[in-house]
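Asker: The structure is given below, and queries will be raised subsequently.
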Amino acid sequence: MPKINVDGKDLIANDGESILNVCERNGIYIPRYCYHPSLSVAGNCRMCLVEIEKMPKLQTACSTIASEGMVVKTDSEKVRKARKDVLEFLLINHPLDCSICDQVGECFLQDYYFTYGLRKSRFKLENKNQKQKRREVGKYLVLDNERCILCTRCVRFSNEVTKTDELFVNSRGDRAFIDISPEKGVTNKYSLNIADICPVGAFTSKDFRFKQRVYMLQTTKSICTLCATGCKINIWHNNNTIYRITPEPNIYTNTWMCDDGRMNYKIVNSSERLTHSMINGTEYNKRQTVKQVFNKLSKAMDDKLRIAVVLSNYLSIEDNISLIYLAKNVLKTPYIFSIESNQQKIEDGILINSDKSPNSNGIKLLVKKYGIKDISEYAEYDIVIGFYEDIKNLRISLVKTILFSYKKSSYPCLIALKTYFETDGSFINWQGYLRKTAKVVNSPENTFDLHHFLMEVSHLFAVYPDFNFKGIIKDLKYKEEGQ
Amino acid sequence: MIRTKKLDEKKLNFWESIYIVEIVKGLVVTMRHFFINLFFPSRIITVSYPEENLPLIGNAKLKSLHRIKLRKDGSPKCVACMMCATICPSKCIYIEADETENYVEKYPKVFNIDMSKCVMCGLCVEACPEDAISMDTGEIVGGSYDRFRNYKNGGLFLTKNELFRHLPHETISKSGAANRLANKYLEDKND
């Protein structure tokens, strides 16, 4: 455990830790372009230069290992001058593109220029190197080589994280540029992370391109509900519209995020979205829907039909608890079933799970708590209540179902639900952590929160529930972060 | 401490202090204008605003109705960088950006100014990095009761169609960073 001195503070470093990491842990910020905490160290941008006593030249903080007795200065006159000069070099061939660049607001060049640079360039505008401006790379990315500062974060990402080796640096000197190996193309499922880690505007997202300025957006923390991994995400939204989703790096689950998860927000305003509940081909508003479902169920109960309730791995714990409540206390049916999920396994060694349902672990806990059986002889029931995605796989005859859905489909009785961008919900991911989604946008007027809908139906049956979700969720055996 | 300066009031002389002479003097001026307006209407010096306007003097022209300058080929110089919309204190500018196949990638698909909100401060002109928006048309916005009717129909709402225009006898400026690409493209095209 070497002891080092940074700007007059005595700090203790771990063995083999770089100076930049030690400073980062202790709240001293060192500017960087090529350094990224989840990638290997390259040391080519020279922005993190610091002064170390008894060393004749400035050293890069990201690649210098802290050793016993080092005296480091991160803010001396010499260091500040070096940073200014490095910035001037980086900006020599950088185009004056800020007005059409999407990186504005999160651009390291802009930020550091205002903190460390603030000098007019001594190089003529006409002498700037001109490179290829707009090049579409893969399905989701646009590459602008003129803006690139060759930090090679993207190259290292494709080498180390996805291990697909799609990107490389072509040519040398001031003619060097980022190129794509022609036979591969950028086809990996994590390509939009490259747009995130690019410190300048060289790689930008084709989907988010020119939609909105970053500094006009708000972020809300939430989770991705596209597979059992349950990545933590930031949702960027403004004026009741979601514009993009980025990962929220954390040590428990994810640093990165897959492209499908990022495009998941499109369901909110898609043309396939179910905005009204559809019963036998007619649209109903909220109140009418509750009444219709009540009539249907009370008639079925009078006729002593067998009603089955199927819990869904796609719905949150709250919604599933309400389904169980409805079956046990309102419909008084013994037929409550759960559906077995796929085996939970990270398919590609990075993030994507082979189980595509976000809440299978939560259902497993509920099944244990309430003693619910796995569904097997489904064909024998007269009415089946469940989530449409599950029923699709079960192949039940279409006449006797009441289904909850976000999307339009051909089933006769569909109740329109809010997506988990529009309502809160708790999920337990494949590691056993309890995670919550957050409401970021308003839903269409006639869509339901599932547990509100079920409670309204039970009110019509004159059953008034007396439990709160928090208490029930607390009893489940989930892991908490930090344990 | 606040500095104060005492001003001595002008002492009135005898003729002024009895008022009658001064009142007659004033009435003479009024009656002169009255008879001029009555018998020689061409010599009236007031105008009936907002139907008529006096030409603006000097730099007053630079705080008049907005416009977006155009490039040589007729495309707008604006690249929808949102600087004006960001700095605008009354939030009267609304822009939607989009991508073009043009040499400059970004252009404003929608550019609206709600003149009923605008305070004519001119910050948008100063913020514009492309020298695109300017307030040099010399037109003054008249009063209207309808803020959502189009400006051309007597309302106060400016859209792309009213904003994007050349002034008569205007030489096309080459300033602006993104304009570099445009100018170069046009030069290449001419060669």
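The values are calculated or read from the model by the stated rules, or taken from the named source; none is laboratory data. All figures in this text were calculated on a predicted structure; none of them were measured in a lab. Cβ coordinates were reconstructed from backbone atoms using ideal geometry, including for glycine residues, and neighbour counts include every protein chain displayed.
Asker: Regarding A:Asp207, is this residue within 14 Å of chain B (Cβ to nearest Cβ) and within 30 Å of A:Ser357 (Cα to Cα)? Break it down stepwise before answering.
Answerer: Numbers: within 14 Å of chain B (Cβ to nearest Cβ): yes; within 30 Å of A:Ser357 (Cα to Cα): yes.
Spelling it out, A:Asp207 is indeed within 14 Å of chain B (Cβ to nearest Cβ) and within 30 Å of A:Ser357 (Cα to Cα).
Asker: I'd like the residue in the range A:334-349 that is buried (at least 18 other Cβ atoms within 10 Å of the Cβ) and among the hydrophobic types (A, V, I, L, M, F, W, C) and, out of all such residues, is modelled with the highest pLDDT. Please lay out each step first, then the result.
Answerer: Keep residues of the range A:334-349 that are buried (at least 18 other Cβ atoms within 10 Å of the Cβ), which gives A:335-339, A:341.
Still in the running and among the hydrophobic types (A, V, I, L, M, F, W, C): A:336-337, A:339.
On the way: A:Ile336: 88, A:Phe337: 85, A:Ile339: 85.
Across the range A:334-349, the extreme among qualifying residues is A:Ile336.
Asker: Another question, if that's okay. Given the conditions (1) within 14 Å of another protein chain (Cβ to nearest Cβ); (2) crowded, with 22+ Cβ neighbours inside 10 Å; (3) free of Cβ contacts under 8 Å to residues at least 40 places away in the same chain, and given that A:Gly261 satisfies all but one, which numbered condition is not satisfied?
Answerer: (1) is the only condition that A:Gly261 fails.
Asker: Given the range A:155-253, what strands (runs of 3 or more DSSP E) lie entirely inside it while holding 1 or more residues that are more than 22 Å from A:Leu109 (Cβ to Cβ) and within 14 Å of the chain's Cα centre (by Cα)? Talk me through it step by step, then tell me what you get.
Answerer: Numbers: elements: A:167-170, A:177-180, A:203-205, A:218-223, A:232-238, A:241-247.
Ranges flagged: A:218-223, A:232-238, A:241-247.
Asker: OK, next. If you check A:Lys296 against the conditions, is it of a type outside the set (A, V, I, L, M, F, W, C), within 21 Å of B:Ala97 (Cβ to Cβ), more than 14 Å from every other protein chain (Cβ to nearest Cβ) and more than 11 Å from the chain's Cα centre (by Cα)?
Answerer: No, not satisfied.
Asker: Confirm whether B:Tyr103 is among the hydroxyl-bearing types (Ser, Thr, Tyr) and touching a residue at least 40 places away in the same chain (Cβ under 8 Å).
Answerer: Yes, satisfied.
Asker: With respect to A:Glu68, determine if the residue is more than 14 Å from every other protein chain (Cβ to nearest Cβ), modelled with pLDDT under 95, in contact with a Pro (Cβ under 6 Å, 6 or more places away or on another chain) and assigned to a loop (DSSP other than H, G, I, E, B).
Answerer: Judged against the criteria, A:Glu68 is a match.
Asker: Criterion first (aliphatic (A, V, I, L, M), crowded, with 20+ Cβ neighbours inside 10 Å and in a helix (DSSP H, G or I)) does A:Val86 satisfy it?
Answerer: Working: aliphatic (A, V, I, L, M): yes; crowded, with 20+ Cβ neighbours inside 10 Å: yes; in a helix (DSSP H, G or I): yes.
Yes.
Asker: Out of the residues in the range A:91-115 meeting the condition of being modelled with pLDDT of 90 or more and away from chain B (no Cβ under 14 Å), tell me which one is surrounded by the fewest Cβ atoms within 10 Å (Cβ to Cβ).
Answerer: A:Phe114
Residue-by-condition table, conditions (1) surrounded by fewer than 22 Cβ atoms within 10 Å (Cβ to Cβ); (2) outside the structural domain of A:Leu403 (by TED's automatic domain parsing); (3) among the acidic types (Asp, Glu); (4) within 30 Å of A:Ile194 (Cα to Cα):
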position: A:Tyr243; (1), (2), (3), (4): yes, yes, no, yes
position: A:Thr253; (1), (2), (3), (4): yes, yes, no, yes
position: A:Tyr265; (1), (2), (3), (4): no, yes, no, yes
position: A:Ser271; (1), (2), (3), (4): yes, yes, no, yes
position: A:Arg287; (1), (2), (3), (4): yes, no, no, no
position: A:Ile317; (1), (2), (3), (4): no, no, no, no
position: A:Ile321; (1), (2), (3), (4): no, no, no, no
position: A:Ala327; (1), (2), (3), (4): no, no, no, no
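Asker: I've got another one for you. Could you please let me know if B:Ser42 is surrounded by fewer than 11 Cβ atoms within 10 Å (Cβ to Cβ) and part of a helix (DSSP H, G or I)?
Answerer: Working: surrounded by fewer than 11 Cβ atoms within 10 Å (Cβ to Cβ): yes; part of a helix (DSSP H, G or I): yes.
Against the criterion (surrounded by fewer than 11 Cβ atoms within 10 Å (Cβ to Cβ) and part of a helix (DSSP H, G or I)), B:Ser42 qualifies.
Asker: Could you check how many residues of the range A:450-475 are in a loop (DSSP other than H, G, I, E, B) and in contact (Cβ under 8 Å) with a residue 40 or more places away in the chain? First the steps, then the outcome.
Answerer: Kept after step one, since they are in a loop (DSSP other than H, G, I, E, B), are these residues of the range A:450-475: A:461-468.
After this cut, where a residue has to be in contact (Cβ under 8 Å) with a residue 40 or more places away in the chain as well, the list is A:461, A:463, A:465, A:467.
Of the residues in that region, 4 qualify.
Asker: Are there helices (runs of 4 or more DSSP H) fully within the range B:91-191 with at least 1 residues that are within 14 Å of chain A (Cβ to nearest Cβ), in contact with a helix residue (DSSP H, G or I) (Cβ under 7 Å, 6 or more places away or on another chain) and at pLDDT 90 or above? List them. Steps first, answer last, please.
Answerer: Details: elements: B:123-127, B:160-163, B:179-190.
Answer list for the range B:91-191: B:123-127.
Asker: So, in the range B:48-81, exactly how many residues are among the aliphatic types (A, V, I, L, M), away from chain A (no Cβ under 14 Å), assigned to a loop (DSSP other than H, G, I, E, B) and free of Cβ contacts under 8 Å to residues at least 40 places away in the same chain?
Answerer: The total comes to 2.
Asker: Now for a different question. Which condition breaks for A:Lys131 when tested against (1) loosely packed, with under 13 Cβ neighbours inside 10 Å; (2) touching a residue at least 12 places away in the same chain (Cβ under 8 Å); (3) farther than 30 Å from A:Gln218 by Cα; (4) within 14 Å of another protein chain (Cβ to nearest Cβ)?
Answerer: Just one mismatch for A:Lys131, condition (1).
Asker: Only one of (1) at pLDDT below 90; (2) within 14 Å of chain B (Cβ to nearest Cβ); (3) in a loop (DSSP other than H, G, I, E, B) fails for A:Phe123. Which number is that?
Answerer: That leaves (2) as the condition not met.
Asker: Can you name every residue in the range A:101-128 that is touching a Cys at 6+ places or on another chain (Cβ under 8 Å) and under 15 Å from A:Met47 (Cα atoms)? I'd like the intermediate steps shown before the answer.
Answerer: So in the range A:101-128, the residues touching a Cys at 6+ places or on another chain (Cβ under 8 Å) come out as A:101, A:103-104, A:107, A:110.
Selection gives A:Cys107, A:Gln110.
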